[in-house]
1. What's the total number of residues in segment 52-78 that are of a type in the set (S, T, N, Q) and buried (at least 20 other Cβ atoms within 10 Å of the Cβ)?
2. Identify, from the list Pro218, Pro163, the residue that is at pLDDT below 95 and either surrounded by fewer than 14 Cβ atoms within 10 Å (Cβ to Cβ) or more than 21 Å from Thr63 (Cβ to Cβ) (or both).
3. Output the residues belonging to segment 114-146 that are among the β-branched types (Val, Ile, Thr) and open to solvent by less than 10 Å² (accessible area, probe 1.4 Å).
4. In the set Leu193, Leu177, Leu157, Leu128, which member is touching a residue at least 40 places away in the same chain (Cβ under 8 Å) and under 30 Å from Ile31 (Cα atoms)?
5. So, in segment 94-113, of the ones that are closer than 15 Å to Arg45 by Cβ and out of contact with any strand residue (DSSP E or B) (no Cβ under 6 Å at 6 or more places or on another chain), which residue ends up surrounded by the fewest Cβ atoms within 10 Å (Cβ to Cβ)?
Amino acid sequence: MVIAVNAQAILDVTGFLVLPGIVSEAQCAWIASLLAGRQAGAGRRDLLEKDWCASLAATLRDTFDLGQVLTDMVAVQCTYFDKSAQSNWLVPLHQDLGIPVAEHVDSPELQGWSIKQGVHHVQPPASLLTRMTAVRVHLDESAEDNGPLRVIPGSHLAGRLQPEEMGEFRRIHGEVLCTTPRGGVVALKPLLLHASSKATSNRPRRVLHYLYGPKQLPHGLAWHRAV
C-alpha cells in the first residue's frame, strides 16, 4: 500500500511515473505476435475494441503499483506506436489535449473538434484533463537510442500552455528521458509537456498507449468506448 501511495504522490508532483516489470516478457512477446503485420508507424487508435487489449487495460488498473493511480478510471483509448528504422519519426514538444467521445456536443467549454478514424475527438477544459492519466506499455526496451519519451517534470501543473511558452518551460526546467526495460510502464498526465526524438538504432520501440479517464464526463459528453 505504501508503494501505491508514493506512486500517486510522485505522479501528482512530477506528472510522470516509470514502473519496470509491470508486464511479463512472455506477455509482451504474445502481444507483439498479435500486432505482427500491422503497418509500422504512429499506429491506430482503435485497439481497445480488441478483447486482449481491453483485458490488459483492466489488468493494468488492478496491478499493485498502478492501483491508486487509476482508481475509479476507465480505459477510453489505446493507440499502438511502432517506431523503428523503417518507420522513424520525431514528436515535438506538446501536450495531449484531445479525447475520444461518442458524439458532437455544442458547448462553449469544448473546442478543437475533429474526426479521427471515424471517431469524434474534442479538446475539453484543462480541469478534465487533469483527472486523466495515460499509461504507456513498452513491448520492447526503451533506451536512449530508439527514440524514448522525453518529459518536462512538473509542467502539467502549469495548465494548458501556448506553443511559444513550451520551449521556455523546457529551457528553465530541463527534461528527463523515460527509459525502461521491456514490460515497463510509463504513466503520465496528458498536460505534461513531452516529446520524442527519432531512433538512432535499428532496435524497435513498440508501445501501447492507453488513456484512462473518469467514468462520467461533464458538458453532456460521453466516451466513445470505455472499459
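The values are calculated or read from the model by the stated rules, or taken from the named source; none is laboratory data. Remember, it's a predicted structure, so these values are computed and weren't measured experimentally. With ideal geometry, Cβ positions are generated from the backbone for all residues, glycine too; neighbour counts draw on all protein chains shown. Just the protein is used for accessible areas: all its heavy atoms, side chains included, with ligands, DNA and RNA removed. Shrake-Rupley method; radii C 1.70, N 1.55, O 1.52, S 1.80 Å.
1. 1
2. Answer to the check: Pro163.
3. Val122, Thr133, Val135, Val137
4. Working: Leu177 fails: touching a residue at least 40 places away in the same chain (Cβ under 8 Å); Leu157 fails: under 30 Å from Ile31 (Cα atoms); Leu128 fails: under 30 Å from Ile31 (Cα atoms).
Answer to the selection: Leu193.
5. Here the answer is Ala102.
Okay, residues lined up against (1) in contact with a Gly (Cβ under 8 Å, 6 or more places away or on another chain); (2) modelled with pLDDT under 95; (3) at negative phi:
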position	(1), (2), (3)
Ala4	yes, yes, yes
Ala9	no, yes, yes
Ala26	no, no, yes
Ala29	no, no, yes
Ala32	no, yes, yes
Ala36	no, yes, yes
Ala40	no, yes, yes
